[in-house]
Amino acid sequence: MMSEHTYERPDNTRTVIFLLLILACMIGLVWASVPLYKLFCAVTGYGGTTQQAVAGQDIPVLDRDMRISFNADIDPSLPWYFKPVQRSVTIKVGEEALVFYRAVNNSDETITGTATFNVTPYKAGGYFNKIECFCFTEQTLKPGQSVDMPVTFYVDPELDKDEHLDEVKEITLSYTFFRSDEEE
């Protein structure tokens with residue numbers, strides 16, 4: 001004797017809604033990952049990200065020398081000359097220093113550029129404090145215009161308390177200039 005069983009399809013609505021919520025969360029995390037990573041790097045100094053400081057703070061100067069070297073690169077789509085005016089300086093930890101980078105627009109058009117930066121060794125990034133920097137704003141140069149752009153900085157004396165940085169005698173501050181997003 002055959003029993004009559006009817007097969008009912010399960011309602012997949014809950015499963016679809018659950019999967020769509022997971023997908024929405026994943027898209028949200030992807031969208032937020034870059035700003036969250038930048039915030040993380042700015043707070044911790046991770047990845048060579050420097051700290052932004054305020055001028056006029058009473059900062060102790062230690063009897064520890066630190067050589068600061070400067071590097072400059074340009075994205076190939078930007079027709080500028082860009083180099084540090086001096087290749088390096090030796091300062092005391094805690095001492096404020098002022099250096100310049102020179103930029104020249106070698107094209108026949110006005111171009112706006114923006115600079116990204118990092119510090120190596122990366123573990124020193126959280127102790128490298130910039131007070132003033134051309135990288136905080138976009139730079140617009142007219143055809144043939146040359147400009148010396150200042151960077152005022154110091155190395156935080158807290159670096160001396162970090163046992164992982166005892167061997168650090170040199171820090172390199174590196175910039176790369178790109179054509180501004182609005183320009184492209």
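What lysines sit close enough to K161 to cross-link, taking a C-alpha to C-alpha distance under 18 Å and skipping anything fewer than 8 places away on the same chain?
By straight Cα distance, K161 reaches K92, K123, K169.
For K142, K130, give the ranking by accessible area with the largest first, probe 1.4 Å.
So, going from the largest accessible area down, we get K142, K130.
Figure the gain on full extension for T116 and K142 (residue separation times 0.36 nm, minus the Cα-Cα span) and round it to one decimal in nm.
Full-extension gain reported as 7.3 nm.
Which part of region 109-146 falls in the paramagnetic zone of S88, meaning amide N under 15 Å from the point 7 Å along Cα-to-beta-carbon?
Answer for region 109-146: 120-121.
Give the carbon-plus-sulfur fraction of the accessible surface of region 105-172 in %, rounded to a whole number; probe 1.4 Å, heavy atoms of protein chains only.
Reported share for carbon and sulfur atoms: 46 percent.
Considering only protein heavy atoms, what is the solvent-accessible area of T110 at a probe of 1.4 Å, reported in Å² to the nearest 10?
Here the residue's solvent-accessible area equals roughly 70 Å².
The values are calculated or read from the model by the stated rules, or taken from the named source; none is laboratory data. All values reported here derive from a predicted model rather than from experimental measurement. Positions of Cβ are generated from backbone atoms using ideal geometry, with glycine treated the same way; all protein chains shown enter the neighbour counts. These area figures cover heavy atoms from the full protein model, side chains too; ligands, DNA and RNA do not enter into them. Shrake-Rupley method; radii C 1.70, N 1.55, O 1.52, S 1.80 Å.
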